[in-house]
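Read the structure below first, then the notes.
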Amino acid sequence: MTEASPGADGTAVRDVKVLNQYGIHARPAALLVKTASAFRADVMLEKDGVEVSAKSIMGLLTMEGHQGAKIRISARGDDAAAAVAALAELFEKKFFED
């Protein structure tokens, strides 16, 4: 995983890997939405060229985030770095499932 890299334009990006056994199913998706919604930044998750809002449960459930999938978290806004760090922590802690 790479550290969040803040850009001059208020963006932050970090690559993560889905570590939990069942991937991004309903419960992890709900945690991601709840966490992302706590920030003002626009937060996106991208996998294989498909980008969805981290604040959209339906978008997250359609991205096929299976175990082992590589996901790029990106955010733009005042609190972008904090948003990326908070979401990356969920991935690192396996969404508290294991």
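Derivation of every value follows stated rules applied to the coordinates shown; laboratory data play no part. Because the structure is predicted, anything quoted here is derived from the model rather than measured. For neighbour counting, all protein chains shown are included, and Cβ atoms are generated from backbone atoms with ideal geometry for every residue, glycine included.
With springs only between Cα atoms under 10 Å apart, run a GNM on the chain and tell me which of ASP78, ASP15, ASP48 wobbles the most.
Comparing ASP78, ASP15, ASP48 in the GNM, the peak value goes to ASP48.
If each DSSP helix of 4+ residues adds -39,500 (n - 2.57) and the sum is divided by the residues in the chain, what number results at 222 nm, nearest 500 deg cm²/dmol?
-9000 deg cm²/dmol
If each of GLU97 and TYR22 carries a label point 7 Å out from its Cα toward its Cβ, how far apart are those two points in nm?
It is 0.6 nm.
Starting from the Cα-Cα distance between GLN67 and LYS34, subtract it from 0.36 nm times their residue separation and give me the gain in nm to one decimal.
9.8 nm
With the chain treated as a Gaussian network of Cα nodes joined by springs under 10 Å, which of ALA86, ALA36, ALA75 yields the largest mean-square fluctuation?
With Cα springs under 10 Å in the chain, the top fluctuation among ALA86, ALA36, ALA75 is at ALA86.
Run the paramagnetic zone check for ASP42: 7 angstrom along Cα to Cβ, then residues of segment 15-31 with backbone nitrogen under 20 Å.
Residues passing the 20 Å test: 15.
Ratio to report: Rg/Rh of segment 11-96, with Cα atoms as the point set and Rh obtained by the Kirkwood method; give two decimals.
Reported Rg/Rh (Cα atoms, Kirkwood Rh): 0.91.
Can you tell me the order of 62-68, 27-33, 92-98 when each peptide is scored by its average per-residue count of other Cβ atoms within 10 angstrom, highest first?
Working: 62-68: 14.7, 27-33: 19.0, 92-98: 13.1.
Put in order of decreasing packing, that is 27-33, 62-68, 92-98.
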